[in-house]
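Each value in this text was obtained by applying a stated rule to the coordinates, not by laboratory testing. Note that the coordinates shown come from a computational prediction; the quantities given were computed from them, not determined experimentally. Cβ: placed from backbone, ideal geometry, glycine included. Neighbour counts: every protein chain shown.
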Amino acid sequence: MYGERVTSVDRPAAPGQEQPPAWSPEPGQPGPAEAGQPAPVGAGQPAGAWTAEAGQPPPPAWSYPYPAPEPDRFTRFVLRLHDRAPRWALPLGALACVGMGMAYALLSDPTRSDPDAAPSCLLKLTTGLDCPGCGGTRALWYVLHADLPAAARHHFVFVFALPFLAYLFVAWAGKQAFGWRLPQLRLDNRVIAGFLVGWLVFSVARNLPWAPFTALYV
């Protein structure tokens, strides 16, 4: 219907016949308005633009075949809670989660486990290999005790990423709770991909059975 080629209001183009170009006045020739004549159909419109004709309905608007599903009771409860909560509630909850992680590292003291104790990591328990996160809790314990060399010895990638993660959290929490406008770190896809590749290389190198890689085994 709307894909047919039309040369006039009511006459479609014949097969193989090209549609004439839109009307435009020649240099020095008066336009239809100046000559007292109506402008041709399509004058002043871009090629392929739809123009309403007398008695012609507009193209049908796109509509989804199914209505949007209504949220369940739990989703409505969470949305109401989010709307009514103060702006500092979410940063405070995130800070509480970080504090619980630090408290667990301090109270459990993973650096004093028995030598014959079974590892808590499933990969290391079944294969004897360090997983990408092995040593992270011990590294956090050493960071909280200001022993950065020992922390880097147990998980160098964690110690490297910790200042960036801390700044991202402070910038986000400060903006949410107090409206601070701290400079944001622009981490594009190449930076994130490079970090993940570096983490993968570190995870493989710490399991190699040759020096100096054996120093990274935890």
Requested in this report: Consider only pairs whose beta carbons are under 7 Å apart and that are at least six residues apart or on different chains; among these, list those whose first residue lies in the range 148-169 and is under 9 Å from GLY136 (Cα atoms) and whose second residue is of a type in the set (Ser, Thr, Tyr).
Outcome: ALA151/TYR142; HIS154/TYR142
Report task. Tell me which residues, restricted to the range 170-203, are under 28 Å from ALA96 (Cβ atoms), in a helix (DSSP H, G or I) and touching a helix residue (DSSP H, G or I) at 6+ places or on another chain (Cβ under 7 Å). Result -> ALA173, GLN176, ALA177, TRP199
Query raised in the report: Within the range 71-120, can you find the residues that are over 30 Å from LYS175 (Cβ atoms) and in a helix (DSSP H, G or I)?
Result: ARG73, LEU107, SER108, PRO110, THR111, ARG112
